[in-house]
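This report concerns only the one structure given below.
What follows is calculated from the coordinates using simple rules that are stated; it is not laboratory data. Predicted model, so just to flag it, every value in this text is computed and none were measured. Here the Cβ is made from the backbone with ideal geometry for all residues, glycine too, and neighbour counts use every protein chain on show.
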Amino acid sequence: MTTALITHDECLSHVTPPGHPEQVARLEHVLAALSGKDLLRVEAPMGADANILRVHPQRHIDHVRGSAPIEGWVQMDGDTYMSPGSLKAALRAVGGAVRAVDMVIAGEAQNAFVATRPPGHHAETAKTMGFCLFGNVAIAAKHALDHHGLTRVAVVDFDVHHGNGTQDLLWDEPRVRFVSSHQFPLWPGTGAADETGAHNNVLNVPLDMGTGSQGFRRAMEAQVLPAVDGFAPELILVSAGFDAHRDDPLAQLNLVEEDFAWVTRELCALARTHAQGRLVSCLEGGYDLQALARSAAEHVDALIAAGA
Ligand SMILES: [Zn+2]
């Protein structure tokens, strides 16, 4: 068995305005850091409308598709822009997440890292938000349930920002347990501990500004990992944002690369216990280019070690 790396060059054609933190160079740095690693490299296919429609209404797809500019940029909301290449990039991000699920369920890979952009965990039902157009990970979860017939999928989001979009898209989905750790309070303002989903299927683990390795690991061991373990998922999906790193400019947690490796090992161990080792990780945030690259490399090294 092996670890798949799923990406596509068209994800580099999603260009944001100068100075925007969610920039092309992020993915370039991640891919450079993963070059030379023992990975099964797969091109992300284009996601189909049928995939997206599992969580977004047609009018949202039409809005995104109809907004793509011929040149320059269009601003979708306060933080999210589309360039001429953004629609294809967003569809590759959806398709990459879906393909990763197909691969681990078919046994073509033990686990997978989906290195695409734009990210997805802030996109709500009919609303782009926070650099995100479509809810890639929520779409992948629904695909695992509705297409492959799984009955329990865990989604773990350790991005420093609350996965408000994933929470919105999966709020009423009892077959998913969504667990998000995040700095709180922080943009987007959601993710309080009393937001628990329509079926007690959501767990939010807010972390105080300044939380470092010890506090993060304690919260993971006390809340996040037991919530996943108790659900006995048949597949684990990860919203892998690396912006809880101490060097990240958008937030104030103080993690280091080894913390991402540690949590990855812990999640892979739970996948081995419950899910035949099946785990799919999708890139979300991470805005210091060097910290992002080093953290993603450690994350993928842990996936490779678990898949070997
Ligand atoms: Zn983030």
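Of these, VAL94, VAL137, which one is within 22 Å of ALA296 (Cβ to Cβ), within 12 Å of the chain's Cα centre (by Cα) and free of Cβ contacts under 8 Å to residues at least 60 places away in the same chain?
VAL94
Restricting segment 243-274 to residues that are under 18 Å from VAL179 (Cα atoms) and acidic (Asp, Glu), which is surrounded by the most Cβ atoms within 10 Å (Cβ to Cβ)?
Among those that are under 18 Å from VAL179 (Cα atoms) and acidic (Asp, Glu), it is ASP243.
Any chance you could count how many residues in segment 254-286 are within 16 Å of the ligand (Cβ to nearest atom), outside any strand (DSSP E or B) and touching a helix residue (DSSP H, G or I) at 6+ places or on another chain (Cβ under 7 Å)?
4
I want to confirm something. Restricting to segment 100-124 and keeping residues that are touching a residue at least 40 places away in the same chain (Cβ under 8 Å), more than 21 Å from THR166 (Cα to Cα) and of a type in the set (Gly, Ala, Ser), which single residue is farthest from the ligand (Cβ to nearest atom)?
Filtering first and then ranking leaves GLY107.
For residues in segment 133-177 being of a type in the set (Gly, Ala, Ser) and under 20 Å from GLY189 (Cβ atoms), which is farthest from the ligand (Cβ to nearest atom)?
As a first pass, look at segment 133-177 and keep what is of a type in the set (Gly, Ala, Ser): 135, 138, 140-141, 144, 149, 154, 163, 165.
Narrowing the set further to residues that are under 20 Å from GLY189 (Cβ atoms) leaves 135, 138, 163, 165.
Working: GLY135: 14, ALA138: 16, GLY163: 9, GLY165: 11 Å.
Top of the filtered list is ALA138.
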